[in-house]
Structures are given as structure tokens and as C-alpha cells.
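Have a look at the structure below, then the notes.
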Amino acid sequence: MGHLSGERLYEIFARQKREDRLEHIGTVSAPNPELARVYAWKTYDEASWFEMVVAPRDSFRAVNRDELPFTLHPAETA
Amino acid sequence: MSKTRTDVFKSPDALPEPVREALAAMLLSLADNKRVLGMRYGEWILGAPTLEAGIACSAMAQDEWGHARILYATLKDFEFEPTVLEHERPADEYLNSELLDDPATEWPDLLALNLLLDSALSVQVEAMTESSYEPILFKTRKLLEEERFHFEHGRGWAMRLGDMGAGRAALEAAFRKAIGPCLRWFGRPDSGFGRQLVDAGVVNADADELRRRWLERITPVLAEAGLELPETEGKAALEWEGWNADRRRAAEGALDEETLARVRGDRNRSMLMD
């Protein structure tokens with residue numbers, strides 16, 4: 001995903017019900033956390049989420065693999 | 001007029017006539033501004049600086065049109081015909097701010113509408129969250145929930161452009177033009193219009209108090225973004241020359257014909273079923 005200088009990728013997690021687990025639902029590119037929140041909420045509006053959170057992609061640390069987190073999609077990991 | 005905390009108005013008929021008129025005018029001003037503001041957001045769906053910003057504009061446009069629709073519908077109780085309000089008025093009967101007469105040509109101009117004008121409308125709506133006019137109570141919550149994100153969008157972009165020299169200068173220039181019309185939009189300090197609504201408990205703040213709340217909301221953002229706008233400091237003298245209390249604006253003029261045709265849906269009129 002191309003993004004502008006000064007922007008970071010933010011990963012979005014959400015759950016529809018309190019008893020659900022947070023799921024990774026997508027990514028947005030934003031210049032700051034304030035806009036990341038707005039973009040996440042307005043882009044991934046397919047459900048009425050009980051909770052949605054965002055975090056910069058580069059704040060995640062790979063644990064068992066060398067690849068950067070969020071770069072491997074399910075199909076590629078088979 | 002006597003006022004107690006137990007006064008609740010369940011319909012427009014229950015309101016004293018001057019209050020009813022003032023409330024209808026205020027609701028129509030909110031509706032028209034939101035209708036046209038939605039159009040201005042919509043014009044940036046294509047061409048916003050990033051895909052995400054375009055999506056946000058699309059969402060904000062939808063929000064504003066939804067709010068306008070809700071507000072036009074409430075005016076039905078005031079014996080306005082929503083179809084006429086939405087589709088049949090000439091440009092000079094729209095109560096939109098002069099800031100909305102023309103499209104926002106540059107992104108900072110849109111941000112001025114987003115952070116400044118949209119917030120002014122929200123401050124007015126918030127003044128009705130405990131309104132004595134019951135039918136409006138149920139409408140304000142959803143509307144303000146959505147508006148939180150509009151404010152945050154304006155704030156996030158102000159911070160972003162504030163970090164860039166050229167961006168900051170462009171934003172200051174765009175905001176400088178918008179501050180006066182926003183401050184005035186709440187009405188003259190001495191207007192009977194606002195006073196009637198406060199006395200009846202329909203709103204909880206007069207024009208000066210609304211101005212103070214609006215400034216309280218936006219000045220921390222301006223500071224965060226490093227913008228210098230003396231217009232927002234102290235009690236800047238407001239120009240009231242040529243003030244039109246009905247349209248809540250000093251400037252003459254109106255929507256251009258093309259925007260008007262799109263706002264009213266003229267080109268699709270033949271598609272309307274009834």
C-alpha cells in the first residue's frame with residue numbers, strides 16, 4: 001500500500017459484541033493517531049462495532065517469525 | 001414568560017408563537033447548512049489528499065445529508081412541507097452560511113468548513129440536548145455521535161498541516177476568512193430570537209454563550225496546530241453591518257445555480273415517483 005511521507009500504517013481491531021474477541025479487520029494510512037481513528041471508524045463501518053481500536057503497525061513486534069507483522073496474508077501463509 | 005424546569009413542549013403547537021417561529025428558523029438554518037455542507041464534503045470524495053480522506057469526506061457527506069433529512073422532517077410538525085423545503089426553494093431562501101455559497105476550492109478551505117462551521121452547527125445542536133422541546137431530544141444523540149468524528153477529522157488535519165510551513169500558512173488564511181461568519185452565525189448578542197429560545201428552555205445558551213462554547217472547542221485545536229489567529233482571542237469586535245437575522249449572515253449572495261440544482265435534485269425531478 002503506497003502512502004504519503006509523514007504517514008504511518010495503522011492496524012485496526014474490532015469486535016461486534018462484548019463477548020467477542022478483538023479481530024484484526026483492516027489497515028489505514030494516516031498522518032497521526034487522531035486521523036487514524038476517524039479513518040478506521042469511517043472506512044470499516046460495515047458493522048455497528050462494540051469496540052474498535054487502532055495501533056501503528058510499527059508498534060507490533062514479530063514473535064516467532066522474521067517477517068514484519070501484518071505482511072503475510074492467510075493465503076500466503078498456507 | 002414564566003419558566004419552570006417542568007415545562008415540556010410536546011409539539012410546536014404547545015410553544016408560544018414567537019418561540020415556535022424562532023425554533024423553526026433555527027432548525028431550518030441547521031438543516032440548510034447541513035444539506036449544503038454535505039454537498040461541499042461530497043465534492044472532495046474525489047480529489048482529497050488521500051484515499052482515506054476521500055472516504056472520510058464521503059462518510060461526512062452522508063452524515064450531513066442524514067442530519068438534514070432528520071431536521072427537515074422535524075419541520076413538518078411546524079407545518080412546513082418537507083418536499084418544498086428540500087426541492088422547491090430558490091437559492092436566496094436557503095439559510096446557508098456565506099461560507100457555503102461556493103465550493104471549497106482548496107483542501108484548507110474544506111477544513112475550515114469541517115473544523116469551524118461544522119463545529120458551530122454542533123454547538124447549536126448540543127444546546128438542545130436537554131431541550132424543553134421534546135421532539136428534538138431524540139434526534140440530537142445520533143447526530144452528535146457522528147459529529148464527534150467530524151470534529152476529530154478537522155482536528156487531525158489541522159495538526160497535520162500545522163506541522164508543515166506551507167500547510168500552516170494556507171490553513172491560517174482559510175480559517176481567518178471563516179471565523180467571522182461562524183461567530184456571527186450564532187446571532188446578535190441582543191437578538192430577541194435567541195433570548196426567546198433560552199427563556200422557553202428550548203436551548204440552554206444565548207448567542208454569546210454559544211460563541212464562547214464554540215471558541216472553547218476550537219481554540220485548543222488551533223493552539224495544538226500552532227495556528228495564530230488573533231480573530232479568536234478575547235472579545236474580537238464583530239461586524240454586524242448588513243446582518244440578515246433570518247439567514248444568519250451578513251454577506252449578500254447565495255448558492256450558485258449549479259450547486260442549487262444539485263442540492264434540490266432538479267435534474268432527477270422526473271424520477272420522483274410522487
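The values are calculated or read from the model by the stated rules, or taken from the named source; none is laboratory data. This one's a predicted model, so the numbers in the text were calculated from it and none came from an experiment. Note: ideal-geometry Cβ built from the backbone for every residue, glycine included; neighbour counts use all protein chains shown.
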Residue count for region A:44-57, restricted to those that are in contact (Cβ under 8 Å) with a residue 12 or more places away in the chain, exposed (fewer than 11 other Cβ atoms within 10 Å of the Cβ) and not small (G, A, S):
0
Filtered residues of region B:220-258 (kept if of a type in the set (K, R) and on the phi > 0 side of the Ramachandran plot)
B:R248
Does region A:31-40 include one or more residues that are assigned to a loop (DSSP other than H, G, I, E, B) and either out of contact with any strand residue (DSSP E or B) (no Cβ under 9 Å at 6 or more places or on another chain) or surrounded by 12 or more Cβ atoms within 10 Å (Cβ to Cβ) (or both)?
yes
Tally up the residues in region A:1-40 that are of a type in the set (F, W, Y) and facing chain B (nearest Cβ under 7 Å), please.
1
Here are some conditions: (1) buried (at least 16 other Cβ atoms within 10 Å of the Cβ); (2) modelled with pLDDT under 90; (3) part of a helix (DSSP H, G or I). B:N268 meets all but one. Which one does it not meet?
(1)
Could you check how many residues of region A:41-69 are more than 14 Å from chain B (Cβ to nearest Cβ), in a helix (DSSP H, G or I) and in contact with a helix residue (DSSP H, G or I) (Cβ under 8 Å, 6 or more places away or on another chain)?
0
Select, from B:D13, B:D77, B:D101, the only residue that is touching a Pro at 6+ places or on another chain (Cβ under 9 Å) and surrounded by fewer than 23 Cβ atoms within 10 Å (Cβ to Cβ).
B:D77
Exclusive hit being within 14 Å of chain A (Cβ to nearest Cβ), part of a loop (DSSP other than H, G, I, E, B) and β-branched (V, I, T), set B:I45, B:I55:
B:I45
For region B:98-129, name all the residues that are under 12 Å from the mean Cα position of the chain (by Cα) and without any contact (Cβ under 8 Å) to a residue 40 or more places away in the chain.
B:S122
Take B:L197 and tell me if it is in a loop (DSSP other than H, G, I, E, B) and closer than 30 Å to B:A22 by Cα.
no
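Results for (1) within 14 Å of chain A (Cβ to nearest Cβ); (2) free of Cβ contacts under 8 Å to residues at least 12 places away in the same chain, shown as yes or no for each residue.
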position	(1), (2)
B:D13	no, yes
B:T50	yes, yes
B:L75	no, no
B:F78	no, no
B:P82	no, yes
Answer with yes or no whether B:A22 is within 14 Å of chain A (Cβ to nearest Cβ), within 19 Å of the chain's Cα centre (by Cα) and hydrophobic (A, V, I, L, M, F, W, C).
no
Name every residue in region B:12-57 that is of a type in the set (G, A, S) and under 23 Å from B:G192 (Cβ atoms), in order of residue number.
B:A14, B:A22, B:A24, B:A25, B:S29, B:A31
Pairs, please: C-beta under 6 Å, at least 6 apart or cross-chain, first residue closer than 22 Å to A:P31 by Cβ and in region A:58-78, second modelled with pLDDT under 85 and part of a loop (DSSP other than H, G, I, E, B)?
A:F60/A:P69
Take B:R217 and tell me if it is at pLDDT 90 or above, in contact with a Ser or Thr (Cβ under 6 Å, 6 or more places away or on another chain), surrounded by fewer than 19 Cβ atoms within 10 Å (Cβ to Cβ) and not polar (S, T, N, Q).
yes
Given the conditions (1) more than 14 Å from chain A (Cβ to nearest Cβ); (2) more than 21 Å from B:A104 (Cβ to Cβ), and given that B:E172 satisfies all but one, which numbered condition is not satisfied?
(2)
Of B:G154, B:G162, B:G180, the only residue that is within 18 Å of B:L121 (Cα to Cα) and either among the aromatic types (F, W, Y) or buried (at least 18 other Cβ atoms within 10 Å of the Cβ) (or both) is B:G154
State all residues of region B:123-160 that are of a type in the set (A, V, I, L, M) and within 11 Å of chain A (Cβ to nearest Cβ); if no residue qualifies, say none.
B:A158, B:M159
Looking only at region B:207-263, filter to residues that are small (G, A, S) and in contact (Cβ under 8 Å) with a residue 24 or more places away in the chain; which one of those is nearest to B:R195 (Cα to Cα)?
B:A245
